[in-house]
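**Student:** One structure, as structure tokens, below. Some questions next.
The values are calculated or read from the model by the stated rules, or taken from the named source; none is laboratory data. Note that the structure is predicted; figures quoted are calculated from it, not measured. Cβ: placed from backbone, ideal geometry, glycine included. Neighbour counts: every protein chain shown.
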Amino acid sequence: MYLDTDILLALIKQKDWLKPYIKMSKIKNPKTSTLAVIEAEIILLREYDRKDIFDVMKKLENLKIEVLETDKKVMGSSIDLMKKYPRLNVFDSVHAAFSIVHKESILSTDLIFDTIEGLRKIDPRDLGGKGIS
């Protein structure tokens, strides 16, 4: 399962509105991308302090979340998605591309992912705080 940036932030931040819905023990083979990590760091830097971004990778490692590297196939798919879906921003197009290329569902609250053909989105709030089985 590919974890979108909102999920990473819920796991990393001390307090987050989405935290009660995320149950890592129920997520099989959690993955994210280098770009999601960078996006999370940008948000943390904006909301908190510079020192708060220094432990992001360690926290993800402790949670056993695999961080996938960006490659040409993902970037090509991202561009194709942006051409097809004009409302899709750069970050979201790469997250969707990772999910499609790696044949993973995406765990996210972002509604834009509901509009992308061939992408299966799971909203953690629909799980009633019980996680993913």
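**Student:** Within region 65-101, take every residue that is modelled with pLDDT under 95 and touching a strand residue (DSSP E or B) at 6+ places or on another chain (Cβ under 7 Å) and give me the one that is farthest from residue 25 (Cα to Cα).
**Tutor:** Looking at the filtered set, the residue picked out is 70.
**Student:** Within region 103-125, work out how many residues are farther than 20 Å from residue 11 by Cβ, part of a loop (DSSP other than H, G, I, E, B) and either in contact with a helix residue (DSSP H, G or I) (Cβ under 9 Å, 6 or more places away or on another chain) or of a type in the set (S, T, N, Q) (or both).
**Tutor:** Step one: filter region 103-125 for residues farther than 20 Å from residue 11 by Cβ, giving 103, 111-112, 114-120.
Checking the rest, the ones that are also part of a loop (DSSP other than H, G, I, E, B) come to 103, 116-120.
Narrowing the set further to residues that are either in contact with a helix residue (DSSP H, G or I) (Cβ under 9 Å, 6 or more places away or on another chain) or of a type in the set (S, T, N, Q) (or both) leaves 116-120.
Counting residues in region 103-125 that are farther than 20 Å from residue 11 by Cβ, part of a loop (DSSP other than H, G, I, E, B) and either in contact with a helix residue (DSSP H, G or I) (Cβ under 9 Å, 6 or more places away or on another chain) or of a type in the set (S, T, N, Q) (or both) gives 5.
**Student:** For residue 57, are the conditions met, namely being surrounded by fewer than 21 Cβ atoms within 10 Å (Cβ to Cβ), farther than 22 Å from residue 123 by Cβ and modelled with pLDDT of 95 or more?
**Tutor:** Working: surrounded by fewer than 21 Cβ atoms within 10 Å (Cβ to Cβ): yes; farther than 22 Å from residue 123 by Cβ: yes; modelled with pLDDT of 95 or more: no.
No, not satisfied.
**Student:** Additional query: In the list 114, 126, which residue meets the criterion of being of a type outside the set (A, V, I, L, M, F, W, C), farther than 16 Å from residue 30 by Cβ, surrounded by fewer than 18 Cβ atoms within 10 Å (Cβ to Cβ) and modelled with pLDDT under 95?
**Tutor:** Numbers: 114 fails: modelled with pLDDT under 95.
Within the list 114, 126, the selection yields 126.
**Student:** So, one more: Sort out which residues of region 60-102 are part of a loop (DSSP other than H, G, I, E, B) and under 25 Å from residue 13 (Cβ atoms), and write them in order of number.
**Tutor:** Within region 60-102, the subset part of a loop (DSSP other than H, G, I, E, B) is 63-65, 69-71, 85-89, 102.
The answer is 63, 64, 65, 69, 70, 89.
**Student:** Further question: Checking the condition under 15 Å from the mean Cα position of the chain (by Cα) and farther than 19 Å from residue 112 by Cβ, which residue from 58, 51, 15, 23 passes?
**Tutor:** Numbers: 58 fails: under 15 Å from the mean Cα position of the chain (by Cα); 51 fails: under 15 Å from the mean Cα position of the chain (by Cα); 15 fails: under 15 Å from the mean Cα position of the chain (by Cα).
After ruling out the rest, the residue left standing is 23.
**Student:** When region 1-57 is examined, which residues are found to be closer than 27 Å to residue 102 by Cα, of a type in the set (A, V, I, L, M) and out of contact with any Leu (no Cβ under 8 Å at 6 or more places or on another chain)?
**Tutor:** Across region 1-57, the qualifying residues are 35, 38, 42, 57.
**Student:** Continuing with the same structure: Which one of the conditions (1) modelled with pLDDT of 85 or more; (2) out of contact with any Lys or Arg (no Cβ under 7 Å at 6 or more places or on another chain) does residue 21 fail to meet, given that it meets all the rest?
**Tutor:** Looking at each condition in turn, residue 21 falls short on (2).
**Student:** Among all residue pairs at least 6 apart or on different chains, which show Cβ distances below 6 Å where the first residue, located in region 112-124, is within 12 Å of residue 2 (Cα to Cα) and the second is of a type in the set (D, E, K, R)?
**Tutor:** Final answer for the pair search is 121/114.
**Student:** Moving on to the next point. Go through region 1-45 and report how many residues are more than 23 Å from residue 126 (Cα to Cα) and charged (D, E, K, R).
**Tutor:** Final tally of qualifying residues: 2.
**Student:** Search region 25-44 for residues being in a helix (DSSP H, G or I) and in contact (Cβ under 8 Å) with a residue 40 or more places away in the chain, and hand back the single one that is surrounded by the fewest Cβ atoms within 10 Å (Cβ to Cβ).
**Tutor:** Step one: filter region 25-44 for residues in a helix (DSSP H, G or I), giving 25-26, 34-44.
Subsequent filtering for residues that are in contact (Cβ under 8 Å) with a residue 40 or more places away in the chain retains 25-26, 35-36, 39.
Details: 25: 6, 26: 12, 35: 23, 36: 26, 39: 22.
Only one residue fits best here, namely 25.
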